[in-house]
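The structure appears below as structure tokens.
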Amino acid sequence: MAPTRRPLARLAAVALCCAAALAGCGPSGAPGGDRPDRTAVQRLLDRRAAALLDRDERAYLAGVVPSRRAAERQVFRNLKDVPLASWSYRVVSVDGGDRPAARVELDYRVKGYDSAPVASQESVRLGQDGDGRWRVAAEGADGDQLWEQGPVRVVRGTHSLVLGTVGTASLKSYAADADQAVPAVLRAWGTRGWSGRIVVEVPASLRSMGELLDAPADAYAGIAAVTTGEAGGPASHAPGGRVIVNPEAFGQLSAFGRRVVLTHEATHVATRSATAPGTPLWLSEGFADWVAYRGSGRTAPAIAPELARDVAAGRVPRALPTDAAFGTRAAGLAQAYEGAWLACRFIADEWGDARLVALYRAGADTRRVLGIGTDELTARWRAYVERELG
């Protein structure tokens, strides 16, 4: 089960507080001064990025105030097994005053998996050491990246890369599940718009998952995984995304349930470039579930038990689920997902799988793809729900 929209913020904000020594930060370029110079901060972070990619720990720590170096040394070492293809910063602005800080954008890519960077923004607080030079004094928040939570272990699957702070044996099981999920998505959606591979992040706990998503952990207590990334735009320009697992909820699932969850989330990765801001959630979430359950042999009442109980009680939904119905704390969340799945299943049954895919790519233009308007689709879907669940 996934939240209403894939979380977009704070996807990769790890080493913004780690910088190389800044040679001159005042407007004149000399050490000291009340306001770090933007150009000098950019040079600082450029050197920092190069040090990280070159695995040069000494250069990586050179620009950090002494009190922060032990923590940043651990972050650097936590990243050692992550196969980075790129890592770069762009300084957006620099603020002076009592607590000088820089607003920074960070882009990074994992080698062989990200066709475009994962992007984030962070505030980096700067401080002066005894030599009068500016160094990084603090970052936005500890723990908002996997490698800030502990050493990252890496397991490579055929169609997946699993990064986690848990044991390697556990990560191998996630890779095995992901390697069953991705082919199901490829069969339904094809290769258009994505690489056919996913990156899965496995934190140690629900609390750690909440830190990665910059959200209260209890908002995701009953959700086994979510997908991060920005929807819409060409695949070569859309920022990279991640499937982030809630190990506590995921661990309670059966083997079938685990495959369903990862297939659902892999579908979100695959369809991201075709998902427009106006794509209704009944289509994006219903399509992901349709792919996940496709060919499973499970009956509609088995897949949609909550909605089946409502129908048995005479409570047939009057309309397709609204976007608000997919809120992680919304009443009737299960019915929203089940109704969306049945909507996509109905379209595939009535018009064929290819037409359902075309509808998604067309941004839910039912008139153009199906030849009917939303009102008629809704009426026919309601009849289908009664027939399948009654």
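The values are calculated or read from the model by the stated rules, or taken from the named source; none is laboratory data. The shown structure was predicted, so the numbers you read here are calculated from the model rather than taken from an experiment. Methodologically, a virtual Cβ is constructed for each residue, glycine included, from the backbone with ideal geometry; neighbour enumeration extends over all protein chains shown. For the accessible areas, the whole protein counts, side chains as well, though only heavy atoms, and no ligand, DNA or RNA atoms are used. Shrake-Rupley method; radii C 1.70, N 1.55, O 1.52, S 1.80 Å.
I'd like the orientation of helix 38-53 relative to the chain: the angle between its Cα long axis and the longest Cα principal axis, in ° from 0 to 90, rounded to 10.
70 degrees
Relative contact order (percent) for region 285-350, with alpha-carbon contacts under 8 angstrom and 6 or more residues of separation?
Reported as a whole number, the value is 51 percent.
Run through every distinct alpha carbon pair of the chain and return the Kirkwood hydrodynamic radius in angstroms, one decimal place.
Across the chain, the inverse of the average 1/r is 22.4 Å.
Quick one: if the Förster radius is 56 Å, what FRET efficiency do residue 299 and residue 98 give, using the C-beta to C-beta distance and rounding to 0.05?
In this case the efficiency is close to 0.30.
Amide H to amide H, which residues 5 or more places from residue 126 or on other chains are under 5 Å from it, using H placed in the peptide plane?
Counting only residues 5 or more places away or on other chains, the set is 101, 102, 137.
Just to be sure I understand: with springs between alpha-carbon atoms less than 10 Å apart, which residue in 298, 258, 35 has the highest mean-square fluctuation in the Gaussian network model of the chain?
Of 298, 258, 35, the most mobile in the Gaussian network model is 298.
Using a 10 Å cut-off on Cβ atoms, rank the peptides 311-323, 153-165, 350-362 from the highest mean neighbour count down.
Final packing ranking: 153-165, 350-362, 311-323.
Quick one: which residues, 5+ away or cross-chain, put their amide H under 5 Å from the amide H of residue 160? H built at 1.01 Å from N.
Hits under the 5 Å cutoff: 198.
Take every DSSP beta bridge whose two residues both sit in the chain, then give the antiparallel share in percent to the nearest 5.
Within the chain, antiparallel bridges account for around 80 percent of the total.
Based on the inverse mean of 1/r over its pairs of different Cα atoms, what is the Kirkwood hydrodynamic radius of region 128-171, in Å?
13.2 Å
What spacing in nm lies between the two simple spin-label points modelled at residue 365 and residue 46, each 7 Å away from Cα in the Cβ direction?
That separation, rounded to one decimal, is 4.5 nm.
Assigning unit charges at the beta carbon (Lys, Arg +1; Asp, Glu -1) and nothing else, what dipole magnitude in debye, to the nearest 20, does the chain show about its Cα centre?
Value, rounded to 20: 640 debye.
Can you work out the FRET efficiency for the pair residue 71 and residue 179, with r the C-beta to C-beta distance and R0 = 30 Å, to the nearest 0.05?
After rounding to 0.05, the efficiency reads 0.25.
Tell me, rounded to the nearest percent, the portion of alpha carbon pairs in region 66-203 spaced more than 25 Å apart.
Beyond 25 Å sits 40 percent of the P(r) for region 66-203.
Helix 333-351: angle to the longest alpha-carbon principal axis of the chain, degrees 0 to 90, nearest 10?
60 degrees
Compute the distribution of all C-alpha to C-alpha distances in region 324-369, in bins of 10 Å from 0, and list the percent of pairs in each, rounded to whole numbers.
28, 40, 29, 3
Give me the distance in nm between label points sitting 7 Å out from Cα along the Cα-to-Cβ direction at residue 349 and residue 331, one decimal.
2.9 nm
Identify, among 348, 189, 215, the residue whose Cα sits farthest towards the positive end of the charge dipole of the chain, taking +1 on the Cβ of Lys and Arg and -1 on the Cβ of Asp and Glu, with the dipole about the Cα centre.
About the Cα centre, the residue reaching furthest to the positive side is 189.
Relative to the longest principal axis of the chain, what angle (0 to 90°, nearest 10) does the C-alpha long axis of helix 281-293 take?
Helix 281-293 sits roughly 80 degrees off the main axis of the chain.
What is the Cα radius of gyration of region 118-193 over 2.2 N^0.38 Å, N being its residue count?
1.70
Full-extension gain between residue 217 and residue 172, please, as 0.36 nm times their residue separation minus the C-alpha to C-alpha distance.
Fully extending the segment from residue 217 to residue 172 adds 13.7 nm.
Return the carbon/sulfur percentage of the accessible area of region 207-339, one whole number, probe 1.4 Å, all protein chains in place.
Roughly 52 percent of what the probe reaches on region 207-339 is carbon or sulfur.
Give me, ordered by chain and number, the residues 5 or more places off residue 275 or on other chains with an amide H under 5 Å from its own placed amide H.
232
What distance in nm separates the simple spin-label points at residue 186 and residue 324, each placed 7 Å from Cα in the Cβ direction?
According to this spin-label approximation, the distance is 4.2 nm.
Let me check against my output: what whole-number percent is the relative contact order of region 76-180, with C-alpha pairs under 8 Å and at least 6 apart?
Answer for region 76-180 is 20 percent.
Which chymotrypsin sites (Phe, Trp or Tyr not before Pro) in region 49-129 pass both tests, a DSSP loop state and at most 11 other beta-carbon atoms within 10 Å?
Of the chymotrypsin sites (Phe, Trp or Tyr not before Pro), not one in the loops of region 49-129 has a Cβ with at most 11 other Cβ atoms within 10 Å.
What number, rounded to the nearest 500 deg cm²/dmol, is the helix-based mean residue ellipticity at 222 nm of the chain, given -39500 (n - 2.57) per DSSP H run of at least four residues and division by all its residues?
-12500 deg cm²/dmol
Mean shadow of region 34-77, computed from the convex hull of its alpha carbons, in nm²?
Convex hull of Cα atoms, orientation-averaged projection: 3.3 nm².
With the contact rule set at Cα under 8 Å and sequence spacing of 6 or more, what percent relative contact order holds for region 153-212?
39 percent
So if we plug the beta-carbon distance of residue 131 and residue 85 into 1/(1 + (r/R0)^6) with R0 = 41 Å, what FRET efficiency do we get, rounded to 0.05?
The pair residue 131/residue 85 has a calculated efficiency of 0.70.
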